[in-house]
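Values in this text are rule-based calculations from the coordinates and carry no lab data. Since this is a predicted model, take the numbers as computed values, not measurements. Heads up, the Cβs are rebuilt from the backbone with ideal geometry, glycines too, and the neighbour counts pull from every protein chain shown.
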Amino acid sequence: MDAAPGHATSRSIALIGFGEAAMTISRGWPAGERPIRAFDVKTDEPETAATMRSRYAGAGVEGCGTASEALAGAVIVFCLVTADRAVEAAGQAAGALEPGALWLDGNSASPQSKRQAGERIEAAGGRYVDMAIMAPVHPKGHRVPLLVSGPHADAARLTLQELGMNAAPAGAEVGQASAIKMLRSVMVKGFEALTAECLLAARRAGVEEAVLASLQASDPGQDWTARSAYNLERMMVHGTRRAAEMDEVRRTVEDLGLPPRMSAAIAEWQRAIGGLGLAGGANDFAERADRLNAALQSDEA
């Protein structure tokens with residue numbers, strides 16, 4: 001495995017995609033050590049352009065009008081778009097990539113999608129790294145646990161450590177880091193979907209307190225009411241993005257020769273709740289459940 005180029009410290013970092021993850025992670029990097037430029041496709045959309053420019057300014061990064069502009073001179077590239085755009089972003093960036101640049105693909109995409117993205121980056125002379133973000137970026141920020149895999153994983157770990165980040169190796173092949181994240185998501189996002197189906201129905205039936213009490217008695221190590229409120233909030237705020245991730249999980253399970261029954265159902269629940277456009281609101285299970293039930297009933301009408 002190779003090492004990062006010796007001149008990397010004097011050159012810039014590019015962020016392709018500048019949502020919650022990119023913004024939060026970049027804020028934790030050592031100030032002033034490298035120029036940081038960012039591009040997000042929402043900059044091209046009239047309804048979101050002003051918000052994106054404000055986000056760039058608030059994070060202290062240089063916002064760019066194109067991906068090519070952000071990539072110029074960058075030897076470290078973080079690709080943090082949506083799961084369904086990971087391959088497309090790699091293909092669009094390939095022509096503007098600096099030779100030898102590290103392309104750190106932190107998207108929640110399937111191993112197959114990561115391999116396809118990697119082929120595009122490597123063909124363009126870049127060094128592709130499968131990077132998996134293994135926890136919410138809040139509250140850990142740039143110290144969020146990461147897994148990296150692929151032939152350039154060692155170089156990536158050294159670079160990430162220089163930025164104060166927390167990366168662990170996951171194997172020498174592209175797809176190994178993402179496989180861990182994808183298959184873990186069946187459990188994590190599945191727990192959220194189970195919460196929605198179980199407890200929204202229980203709330204409608206007027207038996208949610210009894211259901212929660214029974215769960216608490218079965219597993220006293222978990223605060224079931226608090227966790228249920230949290231699970232609903234995750235779906236309300238991030239459900240659309242989580243649904244795209246679960247579509248990638250479904251592909252991962254299919255590629256492994258198993259029927260993705262749970263993954264498909266989880267994606268459906270995440271998409272349904274995320275698509276309602278509701279804010280998380282007060283940290284209260286009953287309040288969230290009531291708003292969700294009202295919105296879902298309105299949607300069904």
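Can you tell me the orientation of helix 176-205 relative to the chain, as the angle in degrees between its alpha-carbon axis and the longest Cα principal axis, to the nearest 10?
20
Enter the angle in degrees (range 0 to 90, nearest 10) between the Cα long axis of helix 111-123 and the first principal axis of the Cα atoms of the chain, meaning the one along which they spread out most.
Approximately 20 degrees, to the nearest ten.
Translational diffusion coefficient, Stokes-Einstein: compute it for the chain using the Kirkwood radius over C-alpha pairs as Rh, at 25 °C and 0.890 mPa s, and state it as an integer in µm² s⁻¹. Can you show the working numbers first?
Numbers: Rh = 20.3 Å.
The diffusion coefficient I find is 121 µm²/s.
For 230, 56, which order do you get if you count the other beta carbons within 10 Å of each Cβ and list the fewest first?
Result, fewest neighbours first: 230, 56.
Using a Gaussian network model of the chain with C-alpha springs under 10 Å, which one of 181, 140, 189 is most mobile by mean-square fluctuation?
The residue with the greatest mean-square fluctuation here is 140.
Hey, what number do you get for the chain at 222 nm if only DSSP H runs of n ≥ 4 count, each worth -39500 (n - 2.57), divided across all residues, to the nearest 500?
Mean residue ellipticity, 222 nm, calculated: -17500 deg cm²/dmol.
Quick one: Kirkwood hydrodynamic radius for segment 1-158, alpha-carbon pairs, angstrom, one decimal?
15.5
Find the centroid of the Cα atoms in segment 43-92 and in segment 192-244, then give the distance between the two in whole Å.
35
Looking at the chain, send over the antiparallel percent of its DSSP beta bridges, to the nearest 5.
Of those bridges, close to 15 percent are antiparallel.
What's the whole-number percent of alpha carbon pairs in segment 149-301 lying beyond 23 angstrom?
In whole percent, the share of Cα-Cα pairs in segment 149-301 beyond 23 Å is 49.
Work out the charge dipole of the chain with +1 on the Cβ of Lys and Arg and -1 on the Cβ of Asp and Glu about the Cα centre, then indicate which of 71, 200, 215 is farthest towards its positive end.
71
With charges only on Cβ, +1 for K and R and -1 for D and E, what is the dipole size of segment 36-130 about its Cα centre, in debye, rounded to 20?
I would put it at about 160 debye.
As an exercise, take the mean of 1/r over every pair of distinct alpha carbons in segment 76-213, invert it, and state the Kirkwood radius in angstroms. Provide the component values of the computation, followed by the final result.
Values: mean 1/r = 0.0618 Å⁻¹.
Computed over Cα pairs of segment 76-213, the Kirkwood hydrodynamic radius comes out at 16.2 Å.
Would you work out which of 298, 274, 95 lies farthest towards the positive end of the dipole of the chain? Charges go on Cβ: Lys and Arg +1, Asp and Glu -1.
Farthest along the dipole direction, towards plus: 95.
Among the lysines, which fall within straight-line cross-link reach of residue 114, defined as a Cα-Cα distance under 16 Å, with same-chain neighbours fewer than 8 residues apart omitted?
Reachable lysines: 181.
Give me the dipole magnitude in Debye, nearest 20, for segment 13-173 about the Cα centre, with unit charges on the beta carbon: positive for Lys and Arg, negative for Asp and Glu.
380
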